[in-house]
Structures are given as C-alpha cells and as structure tokens.
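Have a look at the structure below before the remarks.
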2 protein chains.
Amino acid sequence: MIRKLAFFGFLLRRAYATGPGLTLETMNQNMRNMEYAVRGKVVITADSITSSLKSSPTSYPFSKIIYTNIGNPHSVGQKPLTWPRQVLALVDLPDEAGVDNPNVSKLFPSDAVERAKVLKEYMGGCGSGAYSHSQGIRGIREEVAEFIEERDGGIKCNPDDLFLTNGASTGIGHILTACISSPTSGVMIPIPQYPIYSASLALLGGKQVGYYLDEGKEWSASMEELERSLEEAKGRGVDVKAFVLINPGNPTGQVLSKDAIADVVKFCSKHSLILLADEVYQENVYDPKKTFISCKKAASDAGMLGQLELVSFHSTSKGIFGECGRRGGYMELTGFDPDVQAQIYKLASSGLCSGIPGQVMTSLMVKGPSPGSVSYESYEKEKATIFDSLKRRAIMVVEGLNKIEGFSCQPAEGSMYCFPKVEMPKKAIEAARKEGTNVDTLYALSLLEATGICVVPAAGFGQEPGRAGFRTTFLPQEEEMKQAVELFKVHHEQFLEKYK
Amino acid sequence: MIRKLAFFGFLLRRAYATGPGLTLETMNQNMRNMEYAVRGKVVITADSITSSLKSSPTSYPFSKIIYTNIGNPHSVGQKPLTWPRQVLALVDLPDEAGVDNPNVSKLFPSDAVERAKVLKEYMGGCGSGAYSHSQGIRGIREEVAEFIEERDGGIKCNPDDLFLTNGASTGIGHILTACISSPTSGVMIPIPQYPIYSASLALLGGKQVGYYLDEGKEWSASMEELERSLEEAKGRGVDVKAFVLINPGNPTGQVLSKDAIADVVKFCSKHSLILLADEVYQENVYDPKKTFISCKKAASDAGMLGQLELVSFHSTSKGIFGECGRRGGYMELTGFDPDVQAQIYKLASSGLCSGIPGQVMTSLMVKGPSPGSVSYESYEKEKATIFDSLKRRAIMVVEGLNKIEGFSCQPAEGSMYCFPKVEMPKKAIEAARKEGTNVDTLYALSLLEATGICVVPAAGFGQEPGRAGFRTTFLPQEEEMKQAVELFKVHHEQFLEKYK
C-alpha cells in the first residue's frame, strides 16, 4: 500500500511542469541541518511502535511505550492541579455561563470565582478571546513582578521588562534571533545542553560555542573552562554574543550555588555577553541541602546587577504545574539597551501575543489561592503530593541506575532528569559506526525495542568525546518508574551479552 | 522621574566593563529592519493616549480610543460563542470537577459534556496539560480533514498533511523559513498585503517580490502583472520560491472567483512556486453574489491538484469565532516533497506543539454542536447574529466612506476591513516629507488625536506610488461604527482645512 502511494506520488511529481519548487537541496539548509533530539529518531520509532501495538498488541514484549524522553508530566500520569484549572475554566466561560451564573457555586469554589473575576478585570472586558498587549496582559505581568521580587528578597522587578511567552521556547527564540547578526555570531552553551539552544542556533545560522560541564564535579563549570572555550571560539573568528546557563540543569540535574552563579555573572559582565538564564526548573529542587538562587539574585548580591544584560526564562510546563500543553511562560529582561528591548518588543508584536490560556496559567503559577481561602489547603496538599513523589523518584532512579554494572549517574538535585554515563561494549561502538549512527542511539533503540522505554540518546545533548549514555525523565508514576529501573538493568545485561 | 531613571540607567550602563553586548548596531539587522504596521507607531501612540486618559480623562476630545487597527473582534465588543467556551472549560476541568461531577448539568448543557468527553478521549487520558504530537492531536486533525473534504466537495484530505498551529502566523513562519535558503530567495506577495509576509521576509533575510492588485478592478491581479513581477524579480537576480494569495483579501476585502484562483494556480505550477493560500477569512464573505472557493478546490477543478505545492492557512481568530487570544489554527500541505514535509515536521517539533486550547478551539470551529442537540439552535443563532451584523457594517462603512469627498473605497465583499483611498492635500504631503514620514502616517496620527480612532496607515500594507489612505476594520459594534464613520468625515474636513 505504501509502495503504491509512493509510486502515485512519483507520478504526481512527474506531472509538475518543472518539478517541485522545494526539495532538500533547494530548501533552507540551516533548517535542514537543525537537530532536535527530544523528538528525534528514537521518538519517531516509539510512535510507530505505538501504532503497531494498536493493531497487533502482542507484536512486542510489552503492551505500551513508557515515554521518558520528554519533560511532559501529564502525559505519564501526573494529574493537573484542580484549583488553577477551575479558575481557567471560569475565565473562559462567558460571564452568564460562569462567574455570574446563579449555579456557579454548585461546581466551583468561591476563591476560584473571585480569582477569575480579577483576571477578567485585567482583560478589561475583552475576555480571553482577544489578543492582549504584545508583552502580555499588564495585570498578570504585575503579579509576575511581585512573585520575582518576593523570590529574590525584594530586588525590584519592572512589569515593563517582562514578556509573557508561549512556554520558554518563544522567548529563547526571540533573544537568540536578536543576537545572531551574522554567520560568525556565536553563543556559549553548556555541554551537555538542552537541544533547543543548539537547534535554534543551527536554524539562525549562528555558531555553537560549547563549554564542558565537569561530570566528576557534579556537573559544575570551572572559570578556566569558560575562558578556554571563549578564547578558542575567538581564535576561530567567532563573535561570541551570549552565554546560556541552565539552572537547575537539564539534562544534568545539578543545582548551582550562589558563588558558582556569581562567577558566571562576572564572566558574562567582563566579556559583555548576554546571560540567558534558563530557570524553568526553579521549583524542582529535591536536595534538601540545595536552594534555587536566581541569576538576578546572585548578580545583585555580587553588586553586578546592571553591569550585565540578563534574561531569565520561566515556564508553566515544569515545576509542579507541568502544564506543557498550555504553552505559558515569561522572560524578564534586565540591563538591556532600551533600543534593543524595543526591537524585541517589535518581534514579539509580529506574533501578536502569547496565548491567553498560557498567560492565565502563568498568573496562577505565580499566585495560588490565598492562605485561609476555601481551596488553599487542598491546593497545597495536591502540590506537596506531586513534589514529594518527584523527590522520592529522583532518589530512587539515581540509586537504581547506579546499581547497574557499568552505569554511573550523578545525583538529580533538581529538574526532572537523570543523565547516566554508560560504559559501552567495544563491539556495540563498532556496530553503531557501521550503521552510520552513534552508540547512544544504537543503545536507545535497543532499549526501546526490548522494553518499550523511550529515552533520548546522550549524543542529542552533547557530551565529552568517548562518553555515552542517555537522558531519562523520572516522570512516570512511582510503580511504573520502579519497573523501568528494573528494565534498564535487564536490558543492559542483554545488551552486554549481545555485544560481548 | 523618567529623566532620573534615564540618568540612573546611563550610570548603570557606564558600569559595564566594555559596554552592553547588544546595541542597535550589533544586533541582527534583519530584525531591526523588520516592520509590523498593525502594531506600529500609530498604535503605540494610541496606547499612550489610553494611559493619559486614565490619569486625565479630559485631556482629549474623546473618552476612549476606538481600536480599528487590528482584526481583534472580542476587544471591541464581539461576544464569544457560548457553546465552544463551555466545551473548552469542560476539557480543562479535571474529570471529577467537570464531566464526571454530579452537578455538571447545573452549569453545562449535555452536548457540551458529550463533546468534551470526545476531546478528552482524543487526548488519550493526558488531558489538555500535556504536549501533543508536534502536528497536533490526531483526533482533531481528523475532524479538520472532514471539514476540508466537506467544504471542497469531497476532495480527499489526509490528516497527516495537517499541522495545527498557534494562529496562522506560526504556520506562515514555518513555510517561509523553509523557503528562504539565501539572501536572493524571494516570495511574491500582493501589494497591498498583510504585513506578516513583509515582516517575516525581512526577518528571514529574503526578498519581497510585490505584484500589484488593481484597485480599479476590485483588487484583482492580472496574469500580465504576475508575469511582469516575476520577470522583473528574475532580472534583478531574485530566486522566486513562493507566491502568497490572500483570499478573501486583507486589507482589500475582495473575494476571488474560481477562475481567478485557477489562473494563480496555473501560474504557480508553471513556475514551480509554492502557493501560500491565506484563507483565514473563508467564513467572512458578505456579498451574496460571492462564494469562498479554496485554492485546493480551484486547483482540483482545473485538474492541477498534485501539480503544485500548495499550503492553506486557517485560524480561529477570524470568521465568526474571533478567538484571537486562543492562538488556534491549522495549515494543510498538498503536493510537497515528502522529505521537505518531514523537515517542516522537524521545525514544528522544535516548538514542541501548538497550544492545546487553540487546538480544541480549532476542533470546535470545524465541528459545532450536532443538529438537534440541545445547544444547536442557540449556537446557530449566536453565529447568525454576529455574521449578520458584520455584513450590515461591511455595507454601511463602505457607503459612509464613499460619501466623504476625496474618499474612494472598494466594496468589502469579505474579510473584516475597508481600505479607502484618500486624496491628500499637497501641503499635507509636504508636511509629512518634512517630518520624515509619509502622508498616510501623518493622516492616521491626525485622525487619532482628533477622534480617538486608531487606524493603520495604508503605507504599512504597500500601495501604488502616489496613492494614500488607511485600513480600518469594521469590528466595533454597530452604533460605535456609525459614529466612527461620522468622525472620519468630520476629521477629514478639519484636515483639509488645516492643509489647504
């Protein structure tokens, strides 16, 4: 059938007067070169196995795929928080069908109704169906500013410096777009990194300038390594414009100390690099000895605020909310040239505005129900249940992985990921080379076919030459995650046997 | 206060080791050169007047700004349709707080509950908080495919060729990104055009290749003009890759005949140009003698389907829904090289997925309540009320504008806009030149300050040299729109008096 279609497609293409206009050869080559591992080859294979399992449930030694490739909590059993969804529903309902309906209390708690009214007030009577200001609804930006001020111990935040965005991705795209002015423009990114950075840089035609995180030192970066990386880039003619810091780390899970962040701040200020602070996992800190410190706070405490250009990204997709599908988030700009900031505003305007449901969810993330209000306790309880379970899983998975012969995994102090190093048999490395792939991908595909667990090959994030492994979330629910750890072990033994 | 802050900002900037990293001169110059008129200078002035009116309500001869600059129906009084919002609210509510709650019928009609259950089923238990497939939820794409097949009289539509997008803008961005492979890549766009095209091309560093619509012939484009434009572009070394057709027209309001579209289809096929069919106003046809015909239908009836690469854009923001803030929409690809389509999928993946609330609204736009179900009649009545009022306004505004001495406005057969030509006094043209602007902008600012009406200068859309005017929506509610037409007249007389 597929062959027939392909042949028909061939005939159709033959019917063009001069052939199709756009081919792999004539299209944008930057786009062609872009890679995005978290939705790459392994995931596409997993999706096709899911389809096969529907038509033929016994075709694999498992009944379903366990997706641990992406930080998508609700897709693997995490329940949404009730109160924010109630407020969101009321914001979307027309007044007479919602907040002003005489039956509203039959279905909604009073503090959800009150909060929805406040949000509708922010929307000035337009409701959630209108485009907002290109930076987002002013009242919500004021709430975000209060949240940031409280988080950072009172350091001022101006709502005019906040942009509400579709997740963190759009904001990252805007800033990198502003930075990449020529093919020699570069951005320093950690190795390993989250692939939105490498993908965006490839698409924009800029240069990646990798700096290595030291796995032996809990994935920290030394100042020597930062200077080495910058010098090396300058040496090959790269005009380095910006620096990406991911804290808590993705895929690496470390939580940085204030001193470590201050070092980065000084480095960026010294070299006039825009500091992109990817702080989307700020709520996901599990190690009781660690605290999340924002780059803004660290810069301020080091007396450096205003001496560098800093942009911090946050999102409704991670944390305890896990509201990925909502596409909500914000970025805060500090120390930018006002003329450049006006250009970033213009770019945001060209997309009109971020989705209002995402803006509403951002509001609810930074401001929950008031203490003492009817939903307060249940809301806090739901949050604690999710957080405590994530914390247990963070410990359990790392312990489990470290018990596997040949595995070595740093603690997941924060974020949602483990990034184990795996000693690969030489024959597997050779086999991968022969297949024109890397051993990480060979391993991830083998794991997928044997167990149904879908991880991302470590190569998708970058790593030191000779290292191999994968990234897994610990988002599936506890029983399933325990089984997954068992399956990692069983598969690894099979894999060693196959390639011994 | 502002001066103090500016001075403080100056001091802060002085404190950089080597100055800020990013300035107007060092930033991405394509981004700097981009213009986006519908949120440009006139709108920024309008926003600042809105602020002034808050603190000092009598500072202008009007009490509020009438925003006719942007197709944002809910911001100027259009009410959301009740049933789609009820379904959306139920989809977002956790089951026990919504569809499965014993009190659900106290607030929601049964057909909203049923439809929400179907949508939740499509989401496979993940709910609206999870990232979906990068092309959008499969079940919703199947509904969109059915809608397209029915609209086009049975021509097949494959859900695999559909991408659910954040409004139409993201889809347009993806296709143009794929097309622009070098600074000589160009795209044919109508003059006048909607500025997302010129803005995106400027940002991507591609070339605009304008083809003129003939105002004297109801904004149609002749084949001679298309061939002339293409030849002229080739002559200056432009590699033309694609062609934009906006039907119904924005800002021009014309609705094209099947023959006129078939001509464009043949032109694109002959020259191997990707045809970008901006069909977001397909529901907004007011002239009873006209019908919306999709490019796909016209291509199929001309026996050309499969002989060109066609992409059609649609959106929840326009039509009768007007759900701009939801950021929902789709694009359908036809005749693309499968390898190129896979690359477009990859690009969509890098943004993870479009917002789920926008996907849900797209589903509801293409499939309302079933005939006979409890909400069917009220839903159809709400739709008819909005449509009939838009139709009356389309006629009333065009008539009113044409009664003004020196104004000439083509009929608004479709879409949401009037694009009158205005004869400008010579002294105004000179005054604009002296101020370093164009007379359209001078006129729009004068109109704004005198009446509070915020229009977009025609120059923002492009027009023949020597022409001048503006674009106005007819979205404000009927009484307000009648007043606006009066105010256009009063202001024009004042303007002529000032510059006589």
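Worth pointing out:
- Calculated [θ] (222 nm, deg cm²/dmol) that DSSP helices of n ≥ 4 give over chain B, each run adding -39,500 (n - 2.57): -14000 deg cm²/dmol
- Taking 24 Å as the limit for the C-alpha separation, the pairs B:207/B:318; A:258/A:318; B:156/B:266; A:258/A:391 exceed it in the case of B:207/B:318.
- Remark: relative contact order (segment A:131-366) = 27 percent; criterion is Cα-Cα distance under 8 angstrom and separation of 6 or more residues.
- With its label point put 7 Å out from Cα toward Cβ, residue B:153 sits 7.3 nm from the same residue's point in the other copies, in order from shortest.
- Within 10 Å of each Cβ in A:100-113, the average number of Cβ atoms from other chains: 3
- Listed by chain and number, the aspartates and glutamates whose C-alpha is less than 14 Å from the C-alpha of residue B:106, apart from same-chain residues fewer than 8 away, are A:96, A:100.
- Distances between equivalent label points of residue A:480 across the copies, with each point positioned 7 Å along Cα→Cβ, amount to 4.7 nm, shortest listed first.
- Over chain A, relative contact order from alpha-carbon pairs under 8 Å, at least 6 apart, %: 20 percent
- Packing-based exposure ordering (other Cβ within 10 Å, fewest first) of A:49, B:453, A:429: A:429, A:49, B:453
- For the pair residue B:433 and residue B:477, a Förster radius of 51 Å applied to the C-beta separation gives a FRET efficiency near 0.85, rounded to the nearest 0.05.
- Here the label points at residue B:214 and residue A:158, each 7 Å from Cα along the C-beta direction, are separated by 5.4 nm in the simple model.
- Backbone amide hydrogens, once placed in the peptide plane, bring residue A:453 within less than 5 Å of A:66, excluding anything fewer than 5 places away on its chain.
- ³J(HN,Hα), Karplus 6.51/-1.76/1.60, whole Hz, each residue of segment A:123-134, x for Gly, Pro: 7, x, x, 7, x, 7, x, 9, 4, 9, 3, 4
- In this assembly of identical copies, the label point of residue A:374 (Cα plus 7 Å along Cα-to-Cβ) is separated from its counterparts by 2.3 nm, sorted shortest first.
- Projecting the Cα atoms of B:300, B:340, B:132 onto the charge dipole of segment B:131-366, computed from C-beta unit charges around the Cα centre, puts B:132 farthest toward the positive end.
- Each label point was placed 7 Å from the Cα along the Cα-to-Cβ direction; for residue B:380 and residue A:146 their separation is 4.8 nm.
- Amide H contacts of residue A:70 (H built 1.01 Å from N, in plane; Pro and chain starts excluded): A:473 sit under 5 Å, all sequence-distant by 5 or more or on other chains.
- Net charge dipole size for the protein assembly as shown [Lys, Arg +1 and Asp, Glu -1 on Cβ; Debye, nearest 20]: 900 debye
- Partner chain coverage, peptide B:67-75 - average Cβ within 10 angstrom: 4
- Scanning residues 5 or more positions from residue B:240 or on other chains, those with amide H under 5 Å from its amide H are B:186, with H placed 1.01 Å from N in the peptide plane.
- A convex hull fitted around the alpha carbon atoms of chain A yields 195 Å³ per residue.
- Ordering B:482, B:346, A:318 from the fewest to the most neighbouring beta carbons within 10 Å gives B:482, B:346, A:318.
- Per-residue 3J(HN,Hα) values for segment A:184-200, derived from phi via the Karplus relation 6.51 cos²θ - 1.76 cosθ + 1.60 with θ = phi - 60°, read 8, 5, x, 9, 7, 10, x, 10, x, 9, 7, x, 4, 6, 5, 5, 5 Hz in sequence order (x marks Gly and Pro).
- Ranked B:157, B:179, criterion: other C-beta atoms within 10 Å, fewest first: B:157, B:179
- With both labels modelled 7 Å from their Cα along Cα-to-Cβ, the residue A:54 to residue B:403 distance reads 5.9 nm.
- Inter-chain shielding of B:129-142 (mean C-beta neighbours from other protein chains, 10 Å cut-off): 4
- Simple Cβ-charge dipole of segment B:131-366, Lys/Arg +1 and Asp/Glu -1, about Cα centre, in debye nearest 20: 420 debye
Since every read-out is calculated from the coordinates, none of them should be taken as a lab result. Since the model is a prediction, treat every value here as computed from it, not as a measurement. No Cβ is skipped: glycine too gets one built from the backbone with ideal geometry, and neighbour counts run over all protein chains shown.
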